[in-house]
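The values are calculated or read from the model by the stated rules, or taken from the named source; none is laboratory data. Please read these numbers as outputs of a predicted model, since none were measured by experiment. Quick reminder, even Gly has a Cβ in these numbers, built from the backbone with ideal geometry, and neighbours come from all protein chains shown.
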Amino acid sequence: MKTDKNSAYLLLIAAFLFCARGAVYGIVLHPDGEPNLATWANRPDCNVVGRWSYNASCVAIAPNYIITTRHQGGSASSPVVIGGVTYTIDDIWSHPTADLLVVKLHSANLSSYAALYSNTNEIGQETVIGGYGRGRETTLLKGPSQQPYGYTWSTDANDNNHTQRWCTNKVEGADTASNGYTSDVITADFDALGVGSTSYEGISAEYDSSGGWFIKDGSNWKVAGLVRAVTSHGEPWPDEGQSWFSPPDKLDAVRISSYVDWIEDKISPVCTGPVPGDFNGDCTIDIQDFDEFAGWWLRQDCNKNNNWCQGSDFDRDGDVNLVDFAELSAEWLYDYQQM
């Protein structure tokens, strides 16, 4: 895509990259073309970020736990979709003051999840942000020169909480925010291209709430924040649902380092890894798990929408039979709890 100097300076979209293999039909525009996820290796695994309920995102933090925000609602009957698999919920813990939920997934054995970022040195660090928000639609113009200054969010119903995207930004500060409850937050600005921007500068869109802000700690990506809000700087042409970057928008995320102890208290015990057949997440395969397995015996409708009969279809061939029973028996009474 070729642009003039002013357009090259401003055409940085307020949304995220598609997370897919091969060529990226992305929505972050750069003068030298769009980045390709196949070559952008320095980012978290796609399956660390999932969909929460019907209007938000979430982050996996253990084989069977996610974190998300309170303000998006949801309940024990809400679906959680990670890597295309739909999980049901065993339990939910709501922080007494912060915009934060810890959710235990039923019969989940996630192999991709992020550790919690416990350091308080987030300010000044680059962060990679992922979520299931809207894309862009109409380019917004202003003035006699019709200079682009932002975009409206997509109105395509298929783009509502269904497309995963990624971007980068830089943590600019920390604050305390309130929207019915008080939360410690980290903040960032959506900068125009060439003005303090990161390589794939972006900003959260509608439905990205609860998506992750990730900071690299050594060789590991850790979740440092959960998308909470985007704020306009009060330009004279605001419209609901639009994104501005002249001046940059401000975005913030619930600051995970402030709540590490509370979160870790909810996810104990921690298993040493994914445990097939551990339906209740206690790190041991025992009679309680056998009771769950028996409830799915001889079912023939197992698929990713019911988490392969909630994990009872070990070989994922669509039914629960003696092959699956043999897998459960092989794990019988083995303790996977991390000591």
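Numerical summary
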read-out: Single residue of segment 124-165 satisfying the filter (hydrophobic (A, V, I, L, M, F, W, C) and either part of a loop (DSSP other than H, G, I, E, B) or in contact with a Pro (Cβ under 8 Å, 6 or more places away or on another chain) (or both)) that is nearest to residue 203 (Cα to Cα); value: 128
read-out: Conditions (1) touching a helix residue (DSSP H, G or I) at 6+ places or on another chain (Cβ under 9 Å); (2) without any contact (Cβ under 8 Å) to a residue 24 or more places away in the chain; (3) over 16 Å from residue 88 (Cβ atoms); (4) not small (Gly, Ala, Ser): number failed by residue 301; value: (3)
read-out: Close pairs from segment 216-230: first outside any loop (DSSP other than H, G, I, E, B), partner at pLDDT below 95 and among the acidic types (Asp, Glu), Cβ under 6 Å, at least 6 apart; value: 227/208; 228/252; 229/252; 230/249
read-out: First in segment 261-281 and hydroxyl-bearing (Ser, Thr, Tyr), second anywhere and part of a loop (DSSP other than H, G, I, E, B), Cβ under 8 Å, 6 or more apart; value: 272/283; 272/336; 272/338
read-out: Those residues of segment 202-224 which are out of contact with any strand residue (DSSP E or B) (no Cβ under 6 Å at 6 or more places or on another chain) and within 21 Å of residue 264 (Cβ to Cβ), in sequence order; value: 216, 217, 218, 220
read-out: Segment 42-73: number of residues that are out of contact with any Lys or Arg (no Cβ under 8 Å at 6 or more places or on another chain) and not in a strand (DSSP E or B); value: 13
read-out: Any hit, segment 90-99, residues being out of contact with any Pro (no Cβ under 6 Å at 6 or more places or on another chain), farther than 22 Å from residue 61 by Cβ, part of a loop (DSSP other than H, G, I, E, B) and not small (Gly, Ala, Ser); value: no
